[in-house]
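Everything below concerns the one structure shown next.
The values are calculated or read from the model by the stated rules, or taken from the named source; none is laboratory data. All figures in this text were calculated on a predicted structure; none of them were measured in a lab. Note that each Cβ is placed from the backbone with ideal geometry, even for glycine, and that neighbours are counted across all protein chains shown.
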Amino acid sequence: MPETPPSAKSRKFRGRVFINWDRCKGCGFCIEFCPPKVLKFSDKFNNHGYHPPVLENEPACTGCDLCGLYCPDFAIFGIREAVSAGVPASADVPASHAAAA
Ligand code: SF4
Ligand code: SF4
């Protein structure tokens, strides 16, 4: 029987995504290849007229960095971060990225 993946709440790590808003060319590769499908295009434009991705389901991000591997412009990457007891998953989103979302 296949092993059941841990739920986002039971994981000992969380995924975090960093997006360089103005490097993005809006190709959508990161959105297409994200395994749990947690990215979507922003409604907003960057300074070059593209719609960069935003993280729409943060708890489901695994930090696998496939988004970073597929991005041709080095505009996004994901990391896995250990979760400390009592720290909410949304506490550490950098202001630069939160503002861009
Ligand atoms: S780190 Fe992985 S799960 Fe998170 S947004 Fe990137 S591809 Fe998706
Ligand atoms: S893969 Fe890179 S350039 Fe393409 S939409 Fe995602 S962040 Fe933007």
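In table form, for the structure just shown:
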| read-out | value |
| --- | --- |
| Condition met for residue 40 (more than 8 Å from ligand 2 (Cβ to nearest atom), touching an Asp or Glu at 6+ places or on another chain (Cβ under 7 Å) and either under 23 Å from residue 83 (Cβ atoms) or at pLDDT 95 or above (or both)) | yes |
| Residue list for region 61-89, filter: small (Gly, Ala, Ser) and either part of a strand (DSSP E or B) or modelled with pLDDT under 95 (or both) | 78, 82, 84, 85, 86, 89 |
| Selection from region 29-49 of residues that are over 13 Å from the mean Cα position of the chain (by Cα) and surrounded by fewer than 19 Cβ atoms within 10 Å (Cβ to Cβ) | 43, 44, 45, 47, 48, 49 |
| Neighbours by Cβ (under 6 Å, 6+ apart or cross-chain): first from region 48-60, among the β-branched types (Val, Ile, Thr); second at pLDDT 95 or above and in a loop (DSSP other than H, G, I, E, B) | 54/42 |
| Near pairs, Cβ below 6 angstrom, 6+ apart or cross-chain, from region 31-42 (assigned to a loop (DSSP other than H, G, I, E, B)) to any residue that is within 11 Å of ligand 2 (Cβ to nearest atom) | 34/67; 42/51; 42/52; 42/54 |
